[in-house]
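Chemist: Okay, handing you the structure first.
Derivation of every value follows stated rules applied to the coordinates shown; laboratory data play no part. Source: prediction; values computed, not measured. So basically every Cβ, Gly included, is an ideal-geometry build from the backbone, and we count neighbours across all protein chains shown.
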Amino acid sequence: MEPLSRVTAATIDVLRVLAQSQDPCWGLLVIKSSNRPAGTVYPILERLESLGWVTSSWDSDDSRSGPRRRYYELTEDGGAAASAAIEEFARRARPARPARAVVTREVTA
């Protein structure tokens, strides 16, 4: 498994959906759950798969109507790395220290 060279908010959203799912997710479910457009989600899933974070498989249920679904799930190493990436992203999003209160003086004329 290779490390991610770039971690965006959209990547974290996709990782979060995959990490929270008990079962493999199909692409449209990831799109709806992450609230990200298909043009963002599918390239992320492809990148995660090429780096070894995710595996995918095609739906084998021939009785279901509609297009075949492609299911995605985190690998064992990908799951651990996803948890670490989500945690690190959240840590960086929080301010390092509390903001100071702004003191203003009332000006009277």
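Chemist: Could you please report the charge total around Tyr42, scoring K, R as +1 and D, E as -1 over all other residues with beta-carbon less than 14 angstrom from its beta-carbon? Intermediate values should be presented prior to the final figure.
Modeler: On the way: positive: Lys32, Arg36, Arg47, Arg69, Arg70; negative: Asp13, Glu46, Glu49.
Around Tyr42, the surrounding residues sum to +2.
Chemist: Sticking with the crude label model, points 7 Å out along Cα→Cβ, report the distance from Tyr42 to Ser21 in nm, one decimal please.
Modeler: Label at Tyr42, label at Ser21, 1.6 nm between them.
Chemist: Another question, then. Considering only Arg68, Arg94, Arg16, give the residue with the highest GNM mean-square fluctuation for the chain, with springs between Cα atoms whenever their separation is below 10 Å.
Modeler: Of Arg68, Arg94, Arg16, the Gaussian network model singles out Arg94 as fluctuating most.
Chemist: Given the options Leu51, Leu15, Leu74, which has the most mean-square fluctuation in a GNM of the chain, springs set between C-alpha atoms less than 10 angstrom apart?
Modeler: Evaluated over the chain, the most mobile residue of the options is Leu51.
Chemist: Scan the chain and note any complete DSSP helix (H) whose C-alpha atoms cover at least 15 Å along its axis and whose Kyte-Doolittle average is 0.5 or more.
Modeler: Details: long enough: 9-20 (16 Å, 1.14); 38-50 (18 Å, 0.14); 76-93 (26 Å, -0.26).
Counting only whole DSSP H runs, the qualifying helices are 9-20.
Chemist: Taking 0.36 nm per residue of sequence separation and subtracting the Cα-Cα distance, how much length would be gained by fully extending the chain between Trp58 and Thr75, in nm to one decimal? Intermediate results must be reported in sequence, preceding the final value.
Modeler: Details: separation 17, 0.36 × 17 = 6.12 nm, distance 1.62 nm.
Net length gain for the segment: 4.5 nm.
Chemist: Among (i) 1.32; (ii) 1.73; (iii) 1.24, which is the computed Rg/Rh (Cα atoms, Kirkwood Rh)?
Modeler: Derived directly from the coordinates: (iii).
Chemist: When the chain is treated as a GNM, springs tying every alpha-carbon pair under 10 Å, which of Gly39, Gly52, Gly27 comes out with the largest mean-square fluctuation?
Modeler: Comparing Gly39, Gly52, Gly27 in the GNM, the peak value goes to Gly39.
Chemist: For the chain, what is the calculated [θ] at 222 nm in deg cm²/dmol (nearest 500), taking -39500 (n - 2.57) for each run of four or more DSSP H residues and dividing by its residue count? Walk me through the intermediate numbers first.
Modeler: Details: 4 runs with 51 residues, N = 109.
My calculation for the chain gives -15000 deg cm²/dmol from helical runs alone.
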